[in-house]
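Here's the structure we're looking at; comments come further down.
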Amino acid sequence: MARSEKPDGTPDGRLNGTPGRTPEATRKRATVALAVIGLLAVLVSAGSLATVPGTLADADAYTAAPACPAGTPRSGSCTTAVPATVKGTDHEFKNKEYLLLTEAGSSTVRRVRMAGWGPVYGAARTGDKVTVTYWRGEITAVRLGVTSQETSASPTSHWRVPVAIGLGALPFGLGMLSFLFWRRPRSSAPAHAVPWAPGVGVAAGALLGVIGACAAMLCGGVQQAFLITGVGIVPALALAWLTLRRMRQRMVRAADTGDIVPVPPTEKRCLRASVSGDVPYSVSGYGHLVVGDGRPAATPDPDGRFARKELPETLTVQGVRTFTVEEYAGWQPLYKYDGVVIECRDGDRAVRIATRRRDAPTVLGALAAAPTVTAPSGR
């Protein structure tokens, strides 16, 4: 199955004339998908952060709530203290701790979820006398002696989850949207400047998002969470800059193919290489090239023992270069950043051989020095 090409020699994503997805179409689909994910993350962040002022207002109202006069309903905005007795404790999966309480004058056992292990839940024993605090009809705190612990119904920590979602999703979403900048068409940009830059932006956004989410869940207030996240921008950007700088230097070195010269193989070797072109020896799934054993031959066997398709003597080398933007979609995952393309001609047909940079000299040497295998004379 030969891989067909456009008139200009670039792959059109089809095998044996069967329509397929072109690299350009794959690139556009990926860009749209990442843009949608980024926008959704930003919208989720905005929606979560929009609820924070309401949770803070409830927390302030609860903190400033006065004690209720005698006879006031427990559903009011003031606080009511009610004595109770501990009947036991309960623990569920995912850190859900409950106190089992019976209020004075009642035989009903209430199951109150506490805010973490805390000082009261960890110290409470069956039969202990405690005082529960009601606010707006919910038990918001339990006091044991001089120690008090908030319950999950207390509004004092309700800001944590929306802030964690907001600070976690926003940098990640902005990192995803950076693909719109890095993946936009830029004819003047070198091929090696495109593939890895968007990933670094996403990684930096994800790192900052983790910092923000952890700060929201662990620090003492909203201002501290935003402050820690703001400080986290520095190491996130520094890490992104250092990574970009290192990878840019690596890619610039990879783009320089002037030092790749033919080195004839001295023994049989099976190298990772892909032959692309409208020729019979360009076959889907043939990802290796046998050299040093007669004519170079494409094969799907990593050991080069079967299904070999020889490259003909009419194949001539035109030059060596790094991957283009379009070629990265198919070849970069196989050959990483040190991959190169050996451009060849077989008559009037363009043929490209993709391989690792360190294997390119051997492939060139094999193409230049390979003998023609002849049948034995029988003597």
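Some observations on this one:
- Number of positions in segment 282-307 that are under 38 Å from the mean Cα position of the chain (by Cα), buried (at least 16 other Cβ atoms within 10 Å of the Cβ) and not aliphatic (A, V, I, L, M): 6
- The number of residues in segment 116-137 being at pLDDT 90 or above and in a loop (DSSP other than H, G, I, E, B) comes to 7.
- Matching entry among THR79, THR51, THR55 (being surrounded by 14 or more Cβ atoms within 10 Å (Cβ to Cβ), in contact with a Cys (Cβ under 8 Å, 6 or more places away or on another chain) and farther than 15 Å from LEU144 by Cβ): THR79
- So PRO7, is it out of contact with any Asp or Glu (no Cβ under 6 Å at 6 or more places or on another chain) and at pLDDT 85 or above: no
- So THR126, is it among the polar types (S, T, N, Q), in contact (Cβ under 8 Å) with a residue 40 or more places away in the chain, within 30 Å of PHE226 (Cβ to Cβ) and not assigned by TED's automatic domain parsing to the domain that holds GLY221: no
- Residues in segment 138-165 that are part of a strand (DSSP E or B), of a type outside the set (Asp, Glu) and under 18 Å from TYR62 (Cα atoms): ILE139, THR140, ALA141, VAL142, ARG143, SER148, GLN149, THR151.
- Residue match in segment 97-107 (condition: of a type in the set (Val, Ile, Thr) and under 29 Å from GLY127 (Cα atoms)): yes
- Qualifying residue in segment 16-38 (condition: among the hydrophobic types (A, V, I, L, M, F, W, C) and either over 30 Å from GLY173 (Cα atoms) or modelled with pLDDT of 95 or more (or both)): no
The values are calculated or read from the model by the stated rules, or taken from the named source; none is laboratory data. Because the structure is predicted, anything quoted here is derived from the model rather than measured. Note: ideal-geometry Cβ built from the backbone for every residue, glycine included; neighbour counts use all protein chains shown.
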